[in-house]
Each structure stands twice: as C-alpha cells, then as structure tokens.
Amino acid sequence: MKNQETLTIDGNQAAATVAHKLNEVIAIYPITPSSNMGEWADEWSSRGQVNLWGTVPQVTEMQSEAGAAGAIHGALQAGSMATTFTASQGLLLMLPNMYKIAGELTPTVFHIAARSLACQGLSIFGDHSDVMAIRGTGMGLLASASVQEAMDMALIAHASTLEARVPFIHFFDGFRTSHEVAKVEQLTADDLKAMVNPDKIREHRLRGLSPEHPFIRGTAQNPDVYFQARETVNPFYLKCPEIIQAHMDKFAQLTGRSYHLFDYVGDPDAERVIVMMGSGAEVAHETVAWLRQWKRSSTRYPRAWIPCSSGTSSSRWWTGGARRSGTRRRRR
C-alpha cells in the first residue's frame, strides 16, 4: 500500500474517471443527474486523453438512452470494452438491451446516478426506484455511499464483471453523491492494472462476433430449449458473490480501503437493525453510534445485490451475529 494523491471532485467525476480509463466505447445520452459523467468522458476524449491501453475511448452521443444501450450492446458483441451512464427513465429505456447483455453473459458496467422515476409527477431527486426496477434483467448491482466509494466501486465492478461475466449496475445516489464535492484518494493507472485481469479481457475479445470465427447468437428457441439455456447461467451467478468479495479484498491490499458485500456497524446483539443501501448508510452509522448509549441498535449496509446469490457462502455476510433472526423474519 502506498500514499495516494488526493483530488477534490464530485461523485460523477469519480465514477467517470475509472469508466473512461477502462473502456473503449462510451455511448451517452444526457439525463439529470448523470449527465456530468458523459460530459467528462466526452471532454477527456476530445482532449485525446487515453485509456489504460493507450487508445482514446470513442464517445458517441445517441438520440436516446435506448440508442445508447443498443450501441453498447453492439460494441460488447464485437469484443470491445464499453459502458454508458444514465438515470431514472433513461435507465428504463435500456431494459430490453440489458436483458440481452445479461442473458449473453457479457461483462460490462453501467454507471447510474440513482433518481426517482416519474410517476404522478417528475422528480429529479432521490430514491432507488430506477435501479430497483432492473433487478429482473439479470444484471447485478453494486452501491456506493460516498464520492470515494463511487471511484472505488467503479473499479471493483469492472474487475468483477470481467471475471464473473455477470454485467453490473454500479449506482450511487443522484445529487446526494453524484454532485457532492469531496476530497478523495485518486486511483492510479497502476491500481487499475493491478485489479483488472488482462487474460479476462482477452477472453472477452475472443468471444466477440467476427467473420474469422463465426458464431450464432440471438436465435428463436422453443420453450424446452429456452428454459434449459436459462438454467445454464446459474453457476455464473452462484460464483459471483465470492468473486466480488475477492476483488474487494484485493482492492483493500492495494489501497487500504476495505469493503465487504455486507458491512455491519453497531451492537453485535442489536434489537433494532436498519438495512439500507446508498448515502443514507453513512448517516445511519453515525446515528447508531449515538444511539448505542441507550439502545442496542445497528445498521447493515448491503453493497451488492446479485441475482440468485441466496444460499451461497455469501450469506455469512448477511446472517452473522446474534439476535438478528427476528429482524430477518420481518424483512421477509
């Protein structure tokens, strides 16, 4: 572990910094509060700023978020490293391609500044209704609670998706984190190289469609074949929690900043447990520390939501500790 330089930036720039370094194709369409991520990527590429492999990422603004997701899907199928940024209704427009990307076990990370979905009215502020709406796609979710985490989790997500072949949504709270300005420890190119396995990138490229090695995808299947094929992805999801935690542990060795799939703060015998994702966890941590003077309280922060991960050894991060089974029953 070495001393790292510090920067004063916001959450959007923190995530975009890593995304620009680890991708070759970036398709964007602006939507509040994620627009700055695309603007930063566009500015860096226009200046000739290169990624980790010495090439300038191609940044293209499409005519909608649906177009951006389609462009990313196509780039991934060709074996490129690709990403996009969005929020709210923009994320919902990407759903059809997200199902395809996950179904084809294609590694990628979408960076999301979480924002309320427009229901009876439009709101540019915050909840997780957009990112929670995509759980059925098969893409995993990794949450960041601060500007520093937005940079760190962006890297952990990219490293994990390459090994697991499960695509990820990396999200943080819109405005509360996306526009929060904070001092962070900058990740270096050496940190990125240490985390990202070049062999996994090579495997991704070899899976790309090419006339040199023809392969058919996107066929029409009858129910018997279709459902058998859906079952074949289960081993990838079952391994996913361990892969993420392994990359979190590796990241801790590099930087000294330690993360877990589930972080628990508070009384080990808590009678009251708050479970939350995102920036609110930091406030809850402080509140629990204050409440411990009188009450047995705690907060549990799930950083990852991975489809089909229940029943794996990752459950030890969720179920550990005494007197919490009652809380878990109420949660069900």
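The values are calculated or read from the model by the stated rules, or taken from the named source; none is laboratory data. Please read all numbers here as calculations on a predicted model, not as lab measurements. For neighbour counting, all protein chains shown are included, and Cβ atoms are generated from backbone atoms with ideal geometry for every residue, glycine included.
So which residues in the stretch 150-193 are assigned to a strand (DSSP E or B) and over 14 Å from the mean Cα position of the chain (by Cα), if there are any at all?
Passing the criteria: Val181, Ala182, Lys183, Val184, Glu185.
Evaluate the following for Ser129: is it touching a strand residue (DSSP E or B) at 6+ places or on another chain (Cβ under 9 Å), modelled with pLDDT of 95 or more and of a type in the set (S, T, N, Q)?
In short, yes.
Show the residue pairs meeting these rules: Cβ distance below 8 Å; 6+ apart or different chains; first residue within the stretch 213-236 and in a helix (DSSP H, G or I); second residue surrounded by 10 or more Cβ atoms within 10 Å (Cβ to Cβ) and not small (Gly, Ala, Ser).
Final answer for the pair search is Ala229/Gln221; Asn234/Cys308; Phe236/Leu105; Phe236/Arg165; Phe236/Val166.
Could you tell me how many of the residues in the stretch 137-162 are polar (S, T, N, Q), farther than 26 Å from Leu7 by Cα and surrounded by 24 or more Cβ atoms within 10 Å (Cβ to Cβ)?
Residues flagged as polar (S, T, N, Q), farther than 26 Å from Leu7 by Cα and surrounded by 24 or more Cβ atoms within 10 Å (Cβ to Cβ) within the stretch 137-162 amount to 1.
Just to be sure, is Gly74 out of contact with any strand residue (DSSP E or B) (no Cβ under 8 Å at 6 or more places or on another chain), of a type outside the set (D, E, K, R) and surrounded by fewer than 24 Cβ atoms within 10 Å (Cβ to Cβ)?
yes
Residue-wise test of (1) surrounded by fewer than 17 Cβ atoms within 10 Å (Cβ to Cβ); (2) in the same structural domain as Gln77 (by TED's automatic domain parsing); (3) touching a His at 6+ places or on another chain (Cβ under 9 Å).
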{"position": "Ala14", "(1), (2), (3)": "no, yes, no"}
{"position": "Thr17", "(1), (2), (3)": "no, yes, no"}
{"position": "Leu22", "(1), (2), (3)": "no, yes, yes"}
{"position": "Ile26", "(1), (2), (3)": "no, yes, yes"}
{"position": "Tyr29", "(1), (2), (3)": "no, yes, no"}
{"position": "Glu43", "(1), (2), (3)": "yes, yes, no"}
{"position": "Asn51", "(1), (2), (3)": "no, yes, yes"}
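State all residues of the stretch 198-212 that are crowded, with 16+ Cβ neighbours inside 10 Å, touching a Gly at 6+ places or on another chain (Cβ under 8 Å) and in a helix (DSSP H, G or I); if no residue qualifies, say none.
Listed by number, the list holds a single entry, His204.
If you check Ile134 against the conditions, is it at pLDDT 95 or above and surrounded by fewer than 24 Cβ atoms within 10 Å (Cβ to Cβ)?
Yes, satisfied.
So which of Arg202, Arg230 ends up being more than 29 Å from Ser35 (Cα to Cα), at pLDDT below 95 and among the basic types (Lys, Arg)?
Arg230
Only residues that are surrounded by fewer than 18 Cβ atoms within 10 Å (Cβ to Cβ) and out of contact with any Pro (no Cβ under 9 Å at 6 or more places or on another chain): list them for the stretch 266-279, please.
The answer is Pro268, Asp269, Glu271, Arg272.
Conditions first: (1) assigned to a loop (DSSP other than H, G, I, E, B); (2) in contact with an Asp or Glu (Cβ under 9 Å, 6 or more places away or on another chain). Ile112 passes all but one, so which condition is the exception?
Ile112 satisfies all of (1) assigned to a loop (DSSP other than H, G, I, E, B); (2) in contact with an Asp or Glu (Cβ under 9 Å, 6 or more places away or on another chain) except (1).
Please find, among Val273, Val283, the residue that is without any contact (Cβ under 8 Å) to a residue 60 or more places away in the chain, more than 27 Å from Asn97 (Cβ to Cβ) and assigned to a helix (DSSP H, G or I). Steps first, please.
Values: Val273 fails: assigned to a helix (DSSP H, G or I).
Only one candidate qualifies: Val283.
Could you grab me the full set of residues in the stretch 236-274 that are closer than 22 Å to Leu155 by Cα and charged (D, E, K, R)?
Across the stretch 236-274, the qualifying residues are Lys239, Glu242, Asp249, Lys250, Arg257, Asp263.
Taking Ala189 as the residue in question, decide whether it is closer than 22 Å to Thr6 by Cβ and modelled with pLDDT of 95 or more.
Against the criterion (closer than 22 Å to Thr6 by Cβ and modelled with pLDDT of 95 or more), Ala189 qualifies.
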